[in-house]
Structures are given as structure tokens and as C-alpha cells.
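Peer 1: The structure's right below; bear with me while I get my questions together.
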Amino acid sequence: MNCEQATRLIHDFLDDDLSRHDELELKKHLLQCTDCKGRFHALQQTIALVQSASHIYAPADFTDRVLAALPKETAVQILKKRLQRHPFLVAASLFILMMTGSTTAYWIEDKQFQLSADQLQKLEIDNVSNKVIVPANSVVNGDIMVRNADITIEGQVQGNVVAIDGRIYLASTGSIMGEKEEINQAVEWVWYNLKKVAYQIIP
């Protein structure tokens, strides 16, 4: 029997899976080979150590003490974990933040007169008093948006009227079929734009 065969038989012997004949052959080899004998005793000691350790139990508060000894998470680490768990919320928040910033900057910087309507030819523009007029007996189909000016409705508007940084004046002969909205603060301007985007996305 060589050492390689003896090593296989040692493992079988320690697992109680060795025939009587092979056990006798192994014992003969171990009497003659000091290397295999040393290996056999080392494995026996390892098994004895593992078996004795199986009866050792950790104290009842062991887990709590280990967790208490771990370093505490910083606020940055906690925030980072939460952001990683909710990527869609992060993307939506960044979108709103960027849109709010750009819209607010646009609100502050842009003070020029603007007019948007489907039927501009039916409107009158008074540059002296900085006013847009829907003349009496005139019917304007669609929405009207005026910026940095007032609008006076003497006729009929079959749509919404929005005045940004301006006022809406409704004469006794005038009527607005849709909604009228005056936006005089940056926050209202941001909200108006968010609603506008939402209405375009959700029909």
C-alpha cells in the first residue's frame, strides 16, 4: 500500500466507512509510515476539536452586543441607501427640481410682452397702456395667454384665458367659456407649467 491509498483509507476510517480487511491493511501501513501516521493523528485531533466545539453556545446577548459594537451609519449613508431603493422617486424629484429652477430663472429674467392665441387677428393690442383687448361683438376660439400685460375681455372667448404678470378684466359684455387664471408669482408660474406638461402627457 502506498501513501496515496493510505490517505483515502484514513478518510474512510474516520467516516466509519472502512471494511475490516482495509482497516488491517491501513494499520500495517501506519506502523511503517511516520508521515501517514502523523496525518492520521492530526485529522483525529481536528475531528475531536470540532465535535467538542459543537457543545459551545454563545451568550444570550451576543447578537445584540455585536450589533451595538458595529459603527453607526452616517446620515449620508442612510440617505444613499434610501435613494438606491427608490430610483424612480429620485429621477422624478430631480426632474421637478430642474424644471422649477429653470422656470423660476425664466420668470425672473423674462419681462417682455408675450401673446399667444389661435386667432390673433381678432385681438387688439394697446401698446400705450400695455393691454390686450378682446373687442365687443368678437368671438375668439381657443385659448389666450398674455405675459407682462393686462387683458380686457369685452367680447367672447371660447377657451381659457391666462395672464402671467398681468390682470384679467372682464367687461359686462364679455364672457370666458373656459377657465381664467392670473399668475403673478414664480411659484404659480411653476405650477402652471407643471399642469401644462401633465395635460400634454395625460389626455
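Peer 1: Taking Ile56, is it under 30 Å from Lys195 (Cβ atoms) and either among the β-branched types (Val, Ile, Thr) or at pLDDT 85 or above (or both)?
Peer 2: no
Peer 1: Here are some residues: Val190, Val161. Which one is crowded, with 18+ Cβ neighbours inside 10 Å and either at pLDDT below 90 or out of contact with any strand residue (DSSP E or B) (no Cβ under 6 Å at 6 or more places or on another chain) (or both)?
Peer 2: Val190
Peer 1: Provide a single number: the residues in region 125-179 that are part of a loop (DSSP other than H, G, I, E, B) and of a type in the set (S, T, N, Q).
Peer 2: 9
Peer 1: Here is a follow-up. So, restricting to helices (runs of 4 or more DSSP H) that lie completely within region 5-99, which ones have at least 3 residues that are surrounded by 11 or more Cβ atoms within 10 Å (Cβ to Cβ)?
Peer 2: 20-32, 34-53, 75-85
For (1) surrounded by fewer than 19 Cβ atoms within 10 Å (Cβ to Cβ); (2) within 43 Å of the chain's Cα centre (by Cα), each residue gets a yes or a no:
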| site | (1), (2) |
| --- | --- |
| Ala117 | no, yes |
| Glu124 | yes, no |
| Val128 | yes, no |
| Ser138 | yes, no |
| Asn141 | yes, yes |
| Val146 | no, yes |
| Asp150 | yes, yes |
| Glu154 | yes, no |
| Asp165 | no, yes |
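The values are calculated or read from the model by the stated rules, or taken from the named source; none is laboratory data. This is a predicted model, so every value here is computed, not measured. All Cβ positions, glycine included, derive from the backbone under ideal geometry; neighbour counts span all protein chains shown.
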